[in-house]
Each structure stands twice: as structure tokens, then as C-alpha cells.
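**Student:** What follows is a structure written as C-alpha cells; I'll ask about it next.
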Amino acid sequence: MPIKVVYENEVEPPVLDELIASNKIRKFLRSDGWAIVGIDPIRGYGGIYTGAERRKPGHGTAIPPASNRDKKVPFHKPHITDDEVDEVLDAIRSGWLTMGPKTIKFEEKFRDYVGASNAVSMNSCTACLHLALKAVDLKEGDDVIVPAMTFTATAEVVTYFKSRPVLADIDEETLNIDPAEIEKKMTPKTKAVIPVHFAGQPCDMDEINDIAGSHNSYVIEDAAHAFPALYKYKTIGSYGDITCFSFYATKTLSTGEGGMATTDNDEFAEKMRILRLHGISKDAWKRYSAEGSWYYEVADAGYKYNMTDIQASLGLAQLEKSDWMWKRREEIALQYNEAFKACEELVTPHVKPDRDSAWHLYILKLNLDMLCINRSRFIEELKGRGVGASVHFIPLYRHPYYSKTFGYVPKDFPKSEHTYERILSLPIYPAMTYDDVNIVIESVTDVVGKFRR
Ligand SMILES: Cc1ncc(COP(=O)(O)O)c(C=O)c1O
């Protein structure tokens, strides 16, 4: 839903108060005590309003408080406003706390947004990946191909079945799984491939679907980072057999904890719907509602993976503004790209021309040959300048569990290994002000300037 932007010098103060009171424009309270009235996703923040005190807005630029220079820019801050608070209160006041009407509404709206036929909500993306593998009937002894560089959730779900996660190396440019590496790892035991849309950039889905199809394998997309992302002008959500999204606290749409599995396959959807709530047959959640019945049947040994209406209300409020939250992240990414492009010591993210990243993460690569510090020290230096940074991800073969259980060693994944040593993730979230972005840019360029060879 577009948000009306009102700059403070365009209206008289009493009119501004009236507009806020009547909910015609929105007020976003910031943790530093400032408030922003309206948000223009393209030009940035609108007028700034502090309640008792007012200042003239700088068109398109948030005016920072005087103390801003000492300000810290954390790696992540969720964007929670009165919209989320109101929706959650509505759920609590309704008396229906667990899965119910808001969860169903969230599923319907999410399904329509991504353009899939079905959306099945759960309490995490990990739960979605687990039930997606159940839906395709993964069995003990089967193999599932996953990228070598991902979060453990992508591979751990495979081990739930006593199946083997087979690691495939990445494409160094995009950080996504390399289709050529998938092809190399395919065997008659390969039941499925789980490509991860790394940092929000869609994988080469046409190539991956073709390879999997020619080996009778399923494709389960790990889209934990990829809401909303586009591949060949279509939203990620139904390219593979099942797509799994995460609504964890730091994700691009958050319900605190939560996930959604989307699919065009009605049978898979029905299987996941039943399994997410104890294997109870259809509409189990209606048991305690006025139109429900006490009678139910257990069709399978299921799980307690359902979403609650409290979580779904956060999701409903966030979904309404997901377009401009994405725009704002993209704007920050472009600002970083522009600022760092002249810096030979840095490599900015490469997004292929036929796709749009969700920009869940902004991953910078360091040209370590041109610096006299390593990546860890670079992150420490940023921390010293008040900027939070992180690393996504420590490759799976480097973790004791995967190396001991499956015998994986770094030398078998040269591209992941080379990439891992030099990546770091910078803050990128809609709650960042223009000033926050400038602080990050100044800090990164300052560290490079100080430690270049
Ligand atoms: C690539 C990837 N897959 C899956 C997950 C698991 O998501 P959740 O925490 O919702 O289970 C994450 C979480 O960070 C992730 O980064």
C-alpha cells in the first residue's frame, strides 16, 4: 500500500497533528526519540516531527539529532511500527491466540503476493524445509544436494531422515549454488536439490530445474533470504516444487519466528498442512471455533509446527509495506555500490541482470591482497567505529558436525573457501536513516584507507 508523504513545511502544524490523529498519515517512532512522518521509499524520509518540538525537514533527508556522530549503527534493527502493534493487539483482544483467522488471512495474502497456488504457514523456515522433504517422500539412504555455503538449517533437515546432505560448491560471483556443480554431484540416489537464494538473489532456477528434472529429482527452494525477489520478472515462490521462506527476527518480513512453504502442487500442500499440526486431518485448528467440531482423525504422525495468530498479525502488517521496505533496502544497496565502486580493495555484490535481489544481506568482498588486515580485523575495526557487521556464512564443511559425520574437507570446495575468507555483511534494513548509511560508508572507506597496502 503506498504511503502518503507529507513534508512538514507543506502543511500547518495543526493540520499535521490532525492527519496523524486521523491515521491519514503514519508516524514512525524511532528508538532515538525522533519521529518520522510518512516515508517516501524513493526519496527517503519525509518530514521529521518530535511531538513538542518541530524542525524543518530537509527534503529527502532525515535530519539527525546533534549527538549523531557518536551514534552506533547496529547490524540489524527490525522495522516495527504502530501498524504491527495494532494488528497484534487486535489478535490478542480477539481472544484467538493460536492458529486461526489471522493465520489463514496471512497465508492467503502471502500466496497471492508470491503468485503460488498454496501457502502453508509454520513456525520456522526450518520446519517448512523439513515438511517439504516429507512431502517429496525423502527416505533413509537418499541424497539431497545443498550448497556448501549456507546456514546449517538447509542441510540439517536432510539428516532428520538419515539421508546425506551432499555439498556442492558455489558460483563465486553470485554466492549461489553453481548449477555445474549440481550436475557433477547428481547420482541415482539424489532425491532432491535445495538451492538457497543467497542474500536474496535468486539462483539460476531454469538451469537447476532442468538438471533436477532430467534426473527425476525434486527442487525445494530455500528462500529464507528471498522475500520479495524476482527471477525473470516473476516473484520467487513457485519456481521449484516447494519454496520455503523464513520470517525470523532479522529477515525481510518478520513474525519473530515463522516460515511459509508455497507450492503449486496441491498434494504437497495438503500433506504439509496435515503434518504441521500433529497429522490431524483437515482444518484441525477449527476444533475450538464455533463452526468446528470436537471430532478429528489423526492421519499421520505429525509435528507441532503451526504458526500462531499473534505471529501472523505481525506478518500481515509487514506484508502491507513489503514493497517499500524492499525499495528502501535496494536504495541502500545502490548507495553502497556507488560509494564503494571506486575502491579497488572492495568488491560489491553482483546481481545478474535477469533478476532482482530481495537484498536481505549486503555482502561485500575484500581484496585481501590489497589490504594489510584480514576480514576478522576489518569487522573489529568497523565495530570500533560503531558499525555492526557479520559473516554469512561459515561454510558447512568447516563445522565439526558436517566434517566428522560426512568427511567433508575444505579443499573439495575451493570457491566457497576462497569466498568465505573475504566476505562480510554490512547493515541493510529499512529502519536505517540516510545518516546511518553514510556512517557505514564513511567507516568502511576509513578502514580501507587506513589499512591499504
Ligand atoms: C539460508 C537459510 N535457510 C534457512 C534458515 C532457517 O530459517 P528459520 O530460522 O526461519 O528456521 C535460515 C535462517 O537464518 C537461513 O539463513
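**Student:** Mark the label point 7 Å from the Cα of Lys450 along Cα→Cβ and return the residues of segment 338-382 whose backbone N is within less than 14 Å of it.
**Tutor:** Flagged as within label range: 372-374, 377-382.
**Student:** In terms of modelled amide H atoms, which long-range or inter-chain residues lie less than 5 Å from the amide H of His392?
**Tutor:** Here the answer is Ser425, since their amide H atoms fall under 5 Å of that of His392.
**Student:** Compute the accessible area per residue over segment 229-277, keeping the other protein chains in place, probe 1.4 Å, unit Å². Provide the component values of the computation, followed by the final result.
**Tutor:** On the way: 1700 Å² over 49 residues.
Ligands and nucleic acids excluded, the result is 35 Å² per residue.
**Student:** Taking 0.36 nm per residue of separation and subtracting the Cα-Cα distance, what length does fully extending Ser293 through Val85 add?
**Tutor:** My answer for the length gained is 71.7 nm.
**Student:** I'd like the accessible area for Val298, computed on protein heavy atoms only with a 1.4 Å probe and all protein chains in place. Round to 10 Å², please.
**Tutor:** 100 Å²
**Student:** In nanometres, what is the gap between the two model label sites at Lys304 and Phe75, each 7 Å from Cα along Cα-to-Cβ?
**Tutor:** Placing both labels 7 Å along Cα→Cβ, they lie 3.1 nm apart.
**Student:** So what does Ser124 come to for accessible area, using a 1.4 Å probe and Å² rounded to 10?
**Tutor:** Rounded to the nearest 10, that gives 30 Å².
**Student:** Shifting gears a bit: Could you list the square roots of 5 times each eigenvalue of the Cα gyration tensor of segment 343-439, that is, the equivalent ellipsoid semi-axes, sorted largest first and rounded to whole Å? Walk me through the numbers on the way to the answer.
**Tutor:** Working: eigenvalues 140, 60, 43 Å².
Taking √(5λ) for each eigenvalue gives 26, 17, 15 Å, largest first.
**Student:** Label-point separation (nm) for Lys232 and Ile394, each offset 7 Å from Cα along Cα-to-Cβ?
**Tutor:** Label-label distance for Lys232 and Ile394, simple model: 3.8 nm.
**Student:** Could you put Glu156, Glu421, Glu221, Glu140 in order of accessible surface area, largest first, with the 1.4 Å probe and the full protein assembly present? Before the final figure, lay out each step's value.
**Tutor:** Details: Glu156 50, Glu421 85, Glu221 0, Glu140 135 Å².
So, going from the largest accessible area down, we get Glu140, Glu421, Glu156, Glu221.
**Student:** Quick one: how many Å² of Trp96 are accessible to a 1.4 Å probe, rounded to 10?
**Tutor:** 60 Å²
**Student:** A follow-up question, please. Can you pull the Rg over Rh of segment 274-424, Cα-only, Kirkwood? If you can, show how the numbers build up before the last one.
**Tutor:** On the way: Rg = 23.2 Å, Rh = 20.3 Å.
Using Cα coordinates only, the ratio equals 1.14.
**Student:** Would you mind checking segment 411-439 for residues with the amide N under 20 Å from a putative spin-label position 7 Å along Cα→C-beta of Ser403?
**Tutor:** 411-423
**Student:** Then there is this: Consider a paramagnetic label point 7 Å from the Cα of Asp354 along Cα→Cβ; state which residues of segment 137-175 have an amide N under 17 Å from it.
**Tutor:** It comes to 174, nothing else.
**Student:** Multiply the residue separation of Asp112 and Leu97 by 0.36 nm, subtract the distance between their alpha-carbon atoms, and state the gained length in nm to one decimal.
**Tutor:** Numbers: separation 15, 0.36 × 15 = 5.40 nm, distance 2.43 nm.
Separation in residues times 0.36 nm, less the Cα-Cα distance, equals 3.0 nm.
The values are calculated or read from the model by the stated rules, or taken from the named source; none is laboratory data. Since the model is a prediction, treat every value here as computed from it, not as a measurement. Virtual Cβ from ideal backbone geometry, glycine too; neighbours counted across all protein chains shown. Heads up: the accessible areas ignore ligands, DNA and RNA and are worked out on the full protein's heavy atoms, side chains in. Shrake-Rupley method; radii C 1.70, N 1.55, O 1.52, S 1.80 Å.
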